[in-house]
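Encoded as structure tokens, the structure appears first; notes follow it.
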Amino acid sequence: MATLRRFGFGLLCLVMAAIAVLPVPDFWITQLNYIGIYAMVALGLVLLTGVAGLTSFGQAAFVGVGAYTAAYLAVTLGVSPWLTLLVGIALSVVVALVLGAITLRMSGHYLPLATIAWGLTIYYTISNMEFLGKYDGLLGVPPITVAGFSLGTGRGLYVLIWALALASALAVTHLLDSRPGRAIRSLKTGTTMAEAMGISTLRYKIIAFVLAAVLASISGWLFAHFQRSVNPTPFGVHKGIEYLFMAVLGGVGHVWGAFIGAGVVKLVEDQLQVLLPKLIGTSGNFEIIVFGLVLIAVLKYAPDGLWTFVTKRLPAPRRVRDWQGAAPLPTRDKPQRGDLLLEVDQVRKQFGGLVAVNDVSFAIRAGDIVGLIGPNGAGKSTTFNLITGVLSMTRGAVRFRGQPVGGLSSRQIAERGMSRTFQHVKMIPEMTVLENVALGGYLRTRSGPLRAMLRLDRAEERCLFAEAEAQLARIGMAEQMHELAGNLALGPQRLMEIARALCTDPALLLLDEPAAGLRHKEKQALADVLRQLKREGLSILLVEHDMDFVMGLTDRIVVMEFGTRLIEGTPEEVQASPIVRAAYLGTEH
Ligand code: ADP
Ligand code: MG
């Protein structure tokens, strides 16, 4: 499959190159120039909106930054186009970093609104600057020259536009299949799981945002040299909406969807601009209305865009298993069996008037499995979230390997060697099981976006995938590694989460109701896996609702009810305790 895809890309490059030398009419070269320029902006939106889930209506403003930088520097200062490209990229990176730092912490509807706001701001700034020619813009942008050869606006520029567009597509494809790419792909499903794997979600939101801005800026640079002039109109918010439309129509989330979307929108728009005024009888931008209606239809009937109609017919991508014999990832030094590993000291959590965790204390020694049990609503998950830094304590202290970890973020706690699963499975359904597990190895690997785009990260990726496969084998799931995580039943999904947590090389593994929703057979299999992990020396904190499940498995048990610790002891002590019986009988019936 990978070869088919690579073959497809090579073929596309060949076709696009052939068009440059074949007697294709100039009209079509011009159309293709527009499509390539638009596709680069849409490609940025595929990454930002489709993959990372951050909707931006303001991409046209970044196109404007690139275009105006090129035009202004060339027209007034005579700077060479290749230098203006670099300045434009640098400027868009700075603008994106500043805007991103302010707006990317926002959630929900605020971010799209913020993108409209800064889209308008940049547009009106450009439109009102004397030195940028106000609404008239700048005329007389010189053509780009390569080795003394002027590219003009036709075929020469066509080659440059498509070389850059296809190179960008390849770079984004490489990025998505990499350590930083998986981090970006994890953003859409919320931040809790990614942070628990040690991923700074803000960092990757900013990276996606900056990359989208850079693609838009390069597109703007090409646009200025293609038009040989700039004015503010193509950089307004209406154009920003059109770019988003291209990405959504083509298949937001798919690299080639950007190209399909740009092509369809450009060609249909031209037709509509001729046809609609004739039909309606007056002139105006009626195509916008049609696009709006089409967008609603696409979102309703083909929310994944047109490209999915192609991918549905292709076999699912399957990673080539090329990591046999790869070097092991670095491991952390582990505590000695019997060492004091975790101390939970008078921990309290209040939600308004409700005391969910009421001054709870217990300890875990290395090599033990400790069960935290209690009826529903007892405060087990909340305790768990306090230990792992997902929630902040109202008061109390948690010490891990002798160091206080209260007040640290879940990411910092993950760095120190705690790894967890979730009561409600958190995963990336459209990633394979193997890729999901590889997310756990994030902190044990290093490659950044640049290395990934240039494909310099392959050796490290092999080590990571060897580790991910080894962890899946450890829990008996190696067979399912190529399946999409979203297609698994609940039992295997829970096991996959355990493999992902193991992939972090934890000193303490925390499992929140791993047996919930499992059938009897699956529960037994899970118990066997946990026993095996204990034999291998792992320490586990196990939150469970089901008493029977923990009885044969744990060294010590902490029982909670209504936020309070009822009793702590060995399974036998707990089983014999009348208080525990009362608590369970009192609530279960
Ligand atoms: P358990 O995991 O033992 O079933 P939880 O820790 O999930 O229990 O919940 C303990 C109590 O705290 C419950 O009464 C629950 O309704 C409450 N609670 C949990 N999370 C929140 C929250 N984010 N806001 C308000 N109340 C919460
Ligand atoms: Mg719970």
Quiz item: Where in the chain are the helices, taken as whole DSSP H runs, whose Cα atoms extend 30 angstrom or more along the long axis and whose Kyte-Doolittle mean reaches at least 1.0?
Solution: 81-103, 155-176, 201-227, 255-280
Quiz item: Using every alpha carbon pair in region 31-121, what percent of pairs falls into each 5 Å bin from 0 up to the bin containing the largest distance?
Solution: 3, 13, 20, 23, 18, 13, 7, 3, 1
Self-check item: In region 489-555, the GluC sites (Glu not before Pro) that fall in loop regions by DSSP, at most 10 other Cβ within 10 Å
Solution: Glu536
Quiz item: In units of 2.2 N^0.38 Å, what is the alpha-carbon radius of gyration of region 444-589?
Solution: 1.30
Practice problem: Please work out how much length the chain gains when fully extended from Leu275 to Lys188, using 0.36 nm per residue of separation minus the C-alpha to C-alpha distance, in nm with one decimal. | Solution: 27.4 nm
Self-check item: Interchain or long-range residues, amide H under 5 Å from Val141's placed H
Solution: Ser229
Quiz item: Given the alpha-carbon gyration tensor of region 1-158, what are the semi-axes of its equivalent ellipsoid in whole angstrom, ordered largest first, with each equal to the square root of 5 times an eigenvalue?
Solution: 30, 25, 13
Quiz item: If each of Tyr584 and Ile296 carries a label point 7 Å out from its Cα toward its Cβ, how far apart are those two points in nm?
Solution: 5.7 nm
Self-check item: Cα pair distances of region 92-150 binned at 10 Å [whole percent]
Solution: 19, 31, 27, 18, 6, 0
Quiz prompt | Backbone HN-Hα couplings from phi across region 420-433 [Karplus 6.51/-1.76/1.60, Hz, Gly and Pro as x] | solution = 9, 10, 10, 4, 9, 3, 10, 8, 9, x, 8, 9, 6, 3
Quiz item: What is the dipole size for the chain, taken about its Cα centre, with +1 at each Lys and Arg Cβ and -1 at each Asp and Glu Cβ, in debye to the nearest 20?
Solution: 640 debye
Self-check item: Whole-percent carbon and sulfur share, accessible surface of region 1-117, 1.4 Å
Solution: 77 percent
Quiz prompt | Surface/4 of the Cα convex hull for the chain, nm² | solution = 31.7 nm²
Quiz item: Round to a whole number: what % of the accessible area of region 190-344 belongs to carbon and sulfur, probe 1.4 Å?
Solution: 62 percent
Exercise. State to the nearest 20 debye the size of the charge dipole of region 31-249 about its Cα centre, where the only charges are +1 on K and R beta carbons and -1 on D and E beta carbons.
Key: 360 debye
Quiz item: Do any trypsin sites (Lys or Arg not before Pro) in region 507-589 lie in a DSSP loop with no more than 16 other beta carbon atoms within 10 Å, and if so, which?
Solution: Arg519
Self-check item: Cross-link reach list, lysines versus Lys380, counting only Cα pairs under 17 Å and skipping chain neighbours closer than eight places
Solution: Lys349
Self-check item: Estimated D of region 429-503 in µm² per second, where Rh is the Kirkwood radius over Cα pairs and Stokes-Einstein applies at 4 °C, 1.567 mPa s
Solution: 104 µm²/s
Quiz prompt | Sorted peptide list for 469-478, 450-459, 205-214, criterion being average Cβ within 10 angstrom, highest first | solution = 205-214, 469-478, 450-459
Quiz item: What whole-number value in Å² describes the accessible area per residue of the chain for a 1.4 Å probe?
Solution: 43 Å²
Quiz prompt | Candidate lysines - alpha carbon under 28 Å from Lys239, same-chain residues fewer than 8 apart omitted | solution = Lys134, Lys188, Lys205, Lys266, Lys278, Lys300
Self-check item: Theoretical FRET efficiency, 1/(1+(r/R0)^6), r = Cβ-Cβ of Ala527 and Leu490, R0 22 Å, to 0.05
Solution: 0.85
Self-check item: region 540-589: Rg to Rh, with Rh as the Kirkwood radius over Cα pairs
Solution: 0.92
Quiz item: Using only the Cα atoms, what convex hull volume per residue in Å³ does region 31-249 have?
Solution: 113 Å³
Exercise. Name the long-range amide H neighbours of Thr564: under 5 Å, sequence gap of 5 or more, or other chain; modelled H, no Pro or chain starts.
Key: Asn358
Quiz prompt | Sequence-distant residues sharing a close amide H with Leu372 (under 5 Å, placed H) | solution = Leu542, Val543, Glu544, Val558
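The values are calculated or read from the model by the stated rules, or taken from the named source; none is laboratory data. Please read these numbers as outputs of a predicted model, since none were measured by experiment. Cβ sites come from the backbone with ideal geometry, for glycine too, and all protein chains shown count toward neighbours. The protein model used for the area step is the full one, side chains on, heavy atoms only, and it has no ligands, DNA or RNA in it. Shrake-Rupley method; radii C 1.70, N 1.55, O 1.52, S 1.80 Å.
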